[in-house]
Amino acid sequence: MKLKYFSHSAFQITANKGKIILIDPFLDGNPTSPEKSDNINADYIILTHAHGDHIGDAFKIAERCGSTFICVNELANYCQAKGFTAHNMHIGGGFNFDFGKVKFTIAHHGSITPEGQYAGEPAGVIITIGKISIYHTGDTGLFYDMKLIGEMTPVDIMLLPIGDNFTMGITDAVKAVELVNPKLAIPIHFNTFPVIAANPKEFKDKIEDKGFQCRILNYGEEIEF
């Protein structure tokens, strides 16, 4: 399995069976992304919520590739109304796809489409491919039930925001890592815009002082597990 970070909250997962899964593909309007949507393919697109910096270029990619959306019910209905294929899910529910299992978790944030339409609850997502579980927290503030999430599904890779203002900042993100207890933490959702400026090395130093592993991914970097 390969995991590629585009920047902000956008990732590409290449599963062991060759399926390509995108998460929150905000690329063309993203000043820090080294990739543009025309160069990206996807079999599936997972959306954590409907804000423009997370839906991003999902529709452009799906129209070209015939991708299937995976998201909470109301957001899936929104995608279907635009003519796309979507698999409706909701928080707490899981489903086995041909690449692995997807389960949605709570996230404390908001979710409204660019047109101003309510798009259901924001979410985090746990993706299990083979023996590897990835927890993308989505945009969220700190919440204590993260401890339960980590207990119910041991997390190998935790992708969590550190940019503050709209999400957790570094201090709360450190506590989130303590609650989930992942094997590896990767900071996301920072430095895309001035309002979410943060120093990922500060986050890395703080959680490594507590005995956790952290990796700061460069924009466009891909790692293999």
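Remarks
- Highlighted here are the helices (runs of 4 or more DSSP H) found entirely within segment 13-115 that include at least 1 residues which are β-branched (Val, Ile, Thr): 52-55, 58-65.
- Qualifying residues in segment 36-54 (those that are farther than 23 Å from residue 90 by Cβ and either in contact with a Ser or Thr (Cβ under 9 Å, 6 or more places away or on another chain) or of a type in the set (Gly, Ala, Ser) (or both)) - the one surrounded by the most Cβ atoms within 10 Å (Cβ to Cβ): 37
- Checking each residue of segment 127-141 against the condition of being assigned to a loop (DSSP other than H, G, I, E, B) and more than 17 Å from residue 105 (Cα to Cα) gives at least one match.
- Listed conditions (1) modelled with pLDDT under 95; (2) on the phi > 0 side of the Ramachandran plot are all met by residue 92, apart from (1).
- Cβ-Cβ under 6 Å pairs, at least 6 apart or on other chains, segment 172-196 side more than 15 Å from residue 136 (Cβ to Cβ) and modelled with pLDDT of 95 or more, far side in a helix (DSSP H, G or I) and among the basic types (Lys, Arg): 174/206; 179/147
- Criterion: closer than 16 Å to residue 105 by Cβ, surrounded by 14 or more Cβ atoms within 10 Å (Cβ to Cβ) and among the basic types (Lys, Arg) - qualifying residue of 206, 147: 147
The values are calculated or read from the model by the stated rules, or taken from the named source; none is laboratory data. If you're wondering where the values come from, they're calculated on a predicted model, not measured in any experiment. Cβ sites come from the backbone with ideal geometry, for glycine too, and all protein chains shown count toward neighbours.
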